[in-house]
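Structure, as structure tokens:
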Amino acid sequence: MAGNQMNWADKLARRRMMRRWKALAARAPELTAPELRALRDEGRGMGRAIDRVLQEADYRLALPAIGSNAIRRQPGTDWAWRPMPWRAALDLAGQAAIPVRTEVGEGVTLYHDCRRSELTLRQVRNGRDSDLAAFGLRLDVFGFDGSFLSLALELPGDVGKGLTRRHMIRLEARVEMEKPLQIYGRLNLRHGPNVAQLLRELPKKGEEVFVDFDLSQMQFDEKRVEHLWLDLILEGPQMNQVTFRDVTLGRRLRAGM
């Protein structure tokens with residue numbers, strides 16, 4: 001009841017404020033300079049507050065919805081995941097001269113070995129009808145004197161439960177770039193003291209790309225799977241802007257099993 005009363009009172013106050021400003025607008029030609037100056041200052045203060053509300057509304061109400069975890073799934077997929085930077089707002093308005101190791105968000109880290117960092121990184125809001133992820137990550141690379149640049153994605157622990165060499169893990173991404181760039185996905189699997197790896201190159205054509213990691217090609221002890229992570233490796237990234245609009249991973253059994 002109290003909430004309803006508050007909503008009613010707020011609406012009444014807004015209506016009164018609107019009527020007041022409409023009346024002032026009609027009388028504006030008759031007002032004195034001091035009166036106009038006072039109203040201008042008051043109106044500018046209100047305008048800044050209104051702009052903040054509108055910006056927040058546009059940000060939070062834009063599609064796809066923040067927190068949405070809608071993911072395209074292959075038939076038979078029993079596990080799917082979108083890393084945090086693509087589904088939730090981060091304190092990452094923009095960073096320049098990125099250090100050699102930078103945590104982007106929960107479970108995602110950017111690595112490079114440049115002596116002089118000429119990299120910038122920021123989170124961007126997705127808003128196209130075809131977007132499923134709420135956010136994207138945009139990387140601007142100017143000069144690049146290093147030997148590697150990669151995004152490391154720490155996969156949640158549940159992906160390793162019941163994992164066998166009969167499984168396939170699919171990486172799907174929506175990538176925009178200013179000029180063609182080689183991007184590799186490297187799946188890393190720790191089993192006991194050892195790490196098995198499998199490298200795949202992402203297709204160069206099209207924004208929506210995917211690669212499958214067939215675990216039958218990896219030698220690992222199924223009973224000792226401890227930890228999986230994936231490296232997105234950018235080859236020759238200098239003088240380029242790369243935007244990862246979405247990144248997802250899914251697990252399924254190989255067809256016929």
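The values are calculated or read from the model by the stated rules, or taken from the named source; none is laboratory data. These figures come from a predicted structure and were not determined experimentally. Glycine also receives a Cβ, built like all others from the backbone with ideal geometry; neighbour counts cover every protein chain displayed.
Worth a mention:
- Long-range neighbours under 8 Å by Cβ, at least six apart or interchain, first residue in the same structural domain as S216 (by TED's automatic domain parsing) within region 160-172, second β-branched (V, I, T) and not in a strand (DSSP E or B): I169/V159
- Selection from region 146-159 of residues that are outside any loop (DSSP other than H, G, I, E, B) and either in contact with a Pro (Cβ under 8 Å, 6 or more places away or on another chain) or under 11 Å from Q238 (Cα atoms) (or both): L149, L153
- Top-ranked residue of region 170-214 - restricted to ones that are among the basic types (K, R) and outside any strand (DSSP E or B), ranked as modelled with the highest pLDDT: K179
- Taking first residues from region 200-220 that are under 19 Å from E178 (Cα atoms) and partners that are hydrophobic (A, V, I, L, M, F, W, C) and not in a strand (DSSP E or B), the Cβ contacts under 7 Å between residues at least 6 apart in sequence or on separate chains come to V209/L202.
- Selection from region 68-86 of residues that are modelled with pLDDT of 90 or more and surrounded by 14 or more Cβ atoms within 10 Å (Cβ to Cβ): T77, W79, A80, W81, R82, P83, M84, P85, W86
- Residue identified as farther than 18 Å from I233 by Cβ, in contact with a helix residue (DSSP H, G or I) (Cβ under 8 Å, 6 or more places away or on another chain) and touching a residue at least 12 places away in the same chain (Cβ under 8 Å) among G107, G136, G127, G143: G136
- Positions within region 208-228 being over 15 Å from R166 (Cβ atoms) and over 18 Å from the mean Cα position of the chain (by Cα), in sequence order: V211, R224, E226, H227, L228
- Out of G146, G136, G105, G127, sole residue that is in the same structural domain as V209 (by TED's automatic domain parsing) and at pLDDT 90 or above: G136
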